[in-house]
Amino acid sequence: MIHNLTLVHLLLALAAGGCIYLSLREVRRRYISTWRLFAPAFMALFVGCVLSLLQLAEHQPAWMFGSALGVGFAIGAIRGMTIGIEHDMYRPRVNLSHAAKLLLLWVAIVVGGTVVVECVGAFFDRPELDLVRFAAALVAMACAGAMLGRALLLTIRLHRADRGSA
């Protein structure tokens, strides 16, 4: 333990780095497999859940994290419904503009930023930073919900398009 930084913070940093890396890989590809849609979302969900558990240990209200996840999921689901899907000879592909691709990457970078806020707050361990750490946990849950909602709706739409019903 170094100034209140633990192995949990190392796991958070690795998960946030993996989320950013996998989001970057998804942005560069034309065809996206199902696991590539869900992998960054699950890493972001891991980060959000761990940050929420750290805040629950500080006696923060649990309902706020659930509602942040729900709001993020709704935003991601709406985004997943509005993304265009094209079907070529082999399989459906997601048709995204460059700005829409960068949005996914920015959400992953925000998840990484929440981990940085948590690590800095744990390192300095000042009471003034408790509110900032709480807000970072809420933002991480909302981002995780958005990535998960987007991945779920896109998977459903891609599966339907592959069967010819969309």
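The values are calculated or read from the model by the stated rules, or taken from the named source; none is laboratory data. All figures in this text were calculated on a predicted structure; none of them were measured in a lab. Every residue, glycine among them, receives a Cβ derived from its backbone with ideal geometry; neighbour counts consider all protein chains shown. Note: areas computed on protein heavy atoms with side chains; ligands, DNA, RNA excluded. Shrake-Rupley method; radii C 1.70, N 1.55, O 1.52, S 1.80 Å.
Within the stretch 143-159, which residues are surrounded by fewer than 20 Cβ atoms within 10 Å (Cβ to Cβ) and either at pLDDT 95 or above or touching a strand residue (DSSP E or B) at 6+ places or on another chain (Cβ under 8 Å) (or both)?
Filtering the stretch 143-159 for residues surrounded by fewer than 20 Cβ atoms within 10 Å (Cβ to Cβ) gives 152, 155-157, 159.
Within the stretch 143-159, Arg157 is the sole residue that qualifies.
Restricting the stretch 1-24 to residues that are loosely packed, with under 14 Cβ neighbours inside 10 Å and of a type outside the set (Ser, Thr, Tyr), which is nearest to the chain's Cα centre (by Cα)?
Filtering the stretch 1-24 for residues that are loosely packed, with under 14 Cβ neighbours inside 10 Å and of a type outside the set (Ser, Thr, Tyr), the one nearest to the chain's Cα centre (by Cα) comes out as Leu10.
Hey, could you check the stretch 25-50 for residues that are aromatic (Phe, Trp, Tyr) and not in a loop (DSSP other than H, G, I, E, B) and say which is farthest from the chain's Cα centre (by Cα)?
Trp35
So which residues in the stretch 93-116 are of a type in the set (A, V, I, L, M) and open to solvent by 50 Å² or more (accessible area, probe 1.4 Å), if there are any at all?
Scanning the stretch 93-116 gives Ala99, Leu102, Leu103, Ile109, Val110, Val116.
Return the pairs, sorted by first residue and then second, in which the second residue is modelled with pLDDT of 80 or more and open to solvent by 10 Å² or more (accessible area, probe 1.4 Å), the first residue lies in the stretch 145-166 and is among the charged types (D, E, K, R), the beta carbons are less than 8 Å apart, and the residues are 6+ apart or on different chains.
Matching pairs, first to second residue: Arg150/Ala77; Arg150/Arg79; Arg150/Leu104; Arg157/Met81.
Only one of these is closer than 18 Å to Thr155 by Cβ and either open to solvent by 50 Å² or more (accessible area, probe 1.4 Å) or touching a residue at least 40 places away in the same chain (Cβ under 8 Å) (or both): Arg30, Arg36. Name it. Please lay out each step first, then the result.
Details: Arg36 fails: either open to solvent by 50 Å² or more (accessible area, probe 1.4 Å) or touching a residue at least 40 places away in the same chain (Cβ under 8 Å) (or both).
Selected residue: Arg30, the only one of Arg30, Arg36 that is closer than 18 Å to Thr155 by Cβ and either open to solvent by 50 Å² or more (accessible area, probe 1.4 Å) or touching a residue at least 40 places away in the same chain (Cβ under 8 Å) (or both).
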